[in-house]
Structures are given as structure tokens and as C-alpha cells.
Amino acid sequence: MKTLFSALLLSMTFAGSAYAAGPAPSGELDYPPATVSTSSLTRAQVVEELRVARANGQVTFGELDQPAAQTHGTALTREQVRAETAQARANGDIAFGELDYQGNRS
């Protein structure tokens, strides 16, 4: 009986202090507070800004917030790239296999 009375007294104490604290906002219904937003741009202006930003690679995407990869045309021909690759292989500059570090070979 003492345990029941102690539990009841304790719960009433908490309930009384919560009631005395006054009305509190209920949960997330009022967070964040409502704000009135106005825009000075038209929809067409916003769409144009978005188009320009996409063209410049300024629009991010995905979870990592990474900008879009920029693709640049190369001035090298396929044969020049193959020649550079062959030269890099001959110099030992290309890492392969599980060991990525080849060290300084000079």
C-alpha cells in the first residue's frame, strides 16, 4: 500500500508541476513557426536562373551534395592518349593490382 501511495503521490507531483508551468506548445505542430515569404522574382526568372546554374555545373545533387561532374572536350587524339599510356607504363607510373603505391622510382 505504501508503494502505491508513493507512486501516486510522485505522479501527482509531476502532473502538478507540469500544469503549473503553463500551456506549452504541443509537439512539432508549431515548429518551425509559420513565416510569410515573398519573392521579388517571377517564376520565369527563377527557371532561367536554374537553367544557367545547371549549365555552369552549380546545381548539386545526391546525398553528398556534390556538384555535377564537368565534362570537357579533350584536345588529344586517341593515338596521343595511347602513346601517353604506353610511356607511363614504360616509366612505371601506372599503379595496378592491390598495391596502389608504386613508390618513387627515380
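The values are calculated or read from the model by the stated rules, or taken from the named source; none is laboratory data. Keep in mind that what you see is a predicted model, and the values were worked out from it rather than measured. We place every Cβ from the backbone using ideal geometry, glycine too, and count neighbours over all the protein chains shown.
Quick look at the values:
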read-out	value
Within region 54-77, tally of residues that are of a type in the set (S, T, N, Q), part of a loop (DSSP other than H, G, I, E, B) and either modelled with pLDDT under 70 or loosely packed, with under 11 Cβ neighbours inside 10 Å (or both)	4
Residue tally, condition assigned to a loop (DSSP other than H, G, I, E, B) and closer than 18 Å to Val59 by Cβ, over region 29-47	1
